[in-house]
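*Asks:* Please see the structure below; I have some questions.
Read-outs: derived from the displayed coordinates by stated rules, not from any lab. Small disclaimer: the values here were computed from a predicted structure and weren't measured. Backbone-built Cβ (ideal geometry, glycine too); neighbour counts: all protein chains shown.
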Amino acid sequence: MKKKNVLVTGARKGIGKSILKRFIKKEFFIIGTSRTLTGAKKIQKIVKKNGFGMILKINNYSEINFFLEKIMKKIGNIDILIHNIGTTKDRLINNISKKNWDNIINTNLTSVFYITKKIIKHMIKRKFGRIISIGSISGFVGNPGQTHYSSSKSALIGFTKSLSLEVACRGITVNLISPGFIKTNMLNKLTVLQLKKCLKKIPMRKFGNPKDIAYLVKFLSSKKASYITGQTIHINGGICIL
Ligand SMILES: NC(=O)c1ccc[n+]([C@@H]2O[C@H](COP(=O)([O-])OP(=O)(O)OC[C@H]3O[C@@H](n4cnc5c(N)ncnc54)[C@H](OP(=O)(O)O)[C@@H]3O)[C@@H](O)[C@H]2O)c1
């Protein structure tokens, strides 16, 4: 059986690491990325012979290009593309500089366009592909201090819908997962008081686990999910029911 090649961006920790672990199976060859060499080595230790840990920094498009050409040379194509990289730097709009805005939009949104554009042509040729991005509840309901972050994550909804329509007849599905509050480093950026307030808003009265996201990513990548496309699927303990 031919292995499926999987690319998980931002796989060193948090949700990305949990996704990476779900694919450590003989039927997959996995590439996980980190900004640092130490991170790439950590990923390599997790995936062992089932894949590679590689460096990918979203701040320079020639570097992204170099990264993508390197993986295409090594393994030829990606069958399952998981856009997990994401960053926040919360502040009210008056305190968001142009540099700050650009950094969030480039990391969370433009990189998704750029990486997808490079990889999808191979999926089209092979008539198979799965593209799954990690959005955020903030892109749906908004959040004070996150105009840049919310904008980047809302835009992924439109990206997912339009792209799914473009490639629906090519055997490629494109979906978005929209997490609520998940226990990762991202939550550690909040104060104890903010965390308490968040918890009160969640009907299940608990934060999500990275695995809650990873299980759905794995399902959407499978054959069983081949009729699901263009969707945004929410995982948030009931905080926002649509
Ligand atoms: N946790 C939540 O409550 C929550 C809620 C909604 C949505 N999300 C979304 O879920 C995804 C994963 O978040 P997480 O909570 O797991 O966060 P995390 O623990 O902070 O992990 C973020 C990952 O993104 C990578 N990354 C960040 N900036 C990057 C850049 N400029 N270039 C390359 N890589 C970069 C990091 O790489 P390194 O490890 O190499 O530093 C890291 O692996 C993100 O898209 C986030 O927006 C999270």
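*Asks:* Count charges around residue 214 for me, please; just the other residues with Cβ under 11 Å from its Cβ, Lys/Arg as +1, Asp/Glu as -1.
*Replies:* Here the count lands on +4.
*Asks:* Based only on other Cβ atoms within 10 Å, what is the fewest-to-most ordering of 123, 72?
*Replies:* 72, 123
*Asks:* Another question, if that's okay. By how many nm would the segment from residue 197 to residue 27 grow when fully extended, if each residue of separation counts as 0.36 nm and the alpha-carbon distance is taken off?
*Replies:* Here the answer is 56.9 nm.
*Asks:* Oh, and also: Quick one: Karplus J couplings for region 99-116, per residue in order, coefficients 6.51, -1.76, 1.60, θ = phi - 60°, nearest Hz, x for Gly and Pro?
*Replies:* My calculation for region 99-116 gives 5, 4, 4, 4, 4, 5, 5, 5, 5, 8, 10, 4, 5, 5, 4, 5, 5, 4 Hz in order.
*Asks:* Taking only Cα atoms, what is the 0 to 90° angle, nearest 10, from helix 61-75's long axis to the longest principal axis of the chain?
*Replies:* 40
*Asks:* Checking the cross-link filter: which lysines have an alpha carbon closer than 21 Å to that of residue 99, excluding same-chain neighbours under 8 positions apart?
*Replies:* Cα-Cα hits under 21 Å: 57, 89, 153, 189.
*Asks:* Oh, and also: Give, in nm to one decimal, the length gained when the segment between residue 219 and residue 60 is fully stretched (0.36 nm per residue of separation minus the Cα-Cα distance).
*Replies:* Extra length from residue 219 to residue 60 when fully extended: 54.0 nm.
*Asks:* Let me ask you something else. Just subtract the alpha-carbon distance of residue 75 and residue 35 from 0.36 nm times their residue separation and send over the number in nm, one decimal.
*Replies:* Using 0.36 nm per residue and subtracting the Cα-Cα distance, I get 12.3 nm.
*Asks:* To continue, here is another question. By how many degrees, 0 to 90 and rounded to 10, does the Cα axis of helix 210-221 deviate from the longest principal axis of the chain?
*Replies:* Tilt of helix 210-221: around 40 degrees.
*Asks:* Which entries in the list 26/211; 41/224; 42/211; 73/98; 41/127; 127/224 go over 25 Å, if you measure between the two C-alpha atoms of each?
*Replies:* 41/224; 73/98; 41/127
*Asks:* Explain nothing, just the number: relative contact order of the chain, from Cα pairs under 8 Å at least 6 residues apart, as a whole percent.
*Replies:* Rounded, it is 19 percent for the chain.
*Asks:* For the Cα atoms of the chain, what angle does the longest principal axis make with the long axis of helix 37-47, in degrees from 0 to 90, nearest 10?
*Replies:* Tilt relative to the chain: about 70 degrees.
*Asks:* Please express the Cα-Cα pair-distance distribution P(r) of region 4-234 as a list of whole percents, one per 5 Å bin, running from 0 to the bin with the greatest distance.
*Replies:* Binned Cα distances yield the sequence 1, 7, 14, 19, 21, 18, 11, 6, 3, 1, 0.
*Asks:* Roughly how many debye, to the nearest 20, is the charge dipole of region 4-234 about its Cα centre, given +1 on each Lys and Arg Cβ, -1 on each Asp and Glu Cβ, and no other charges?
*Replies:* That gives a dipole near 860 debye.
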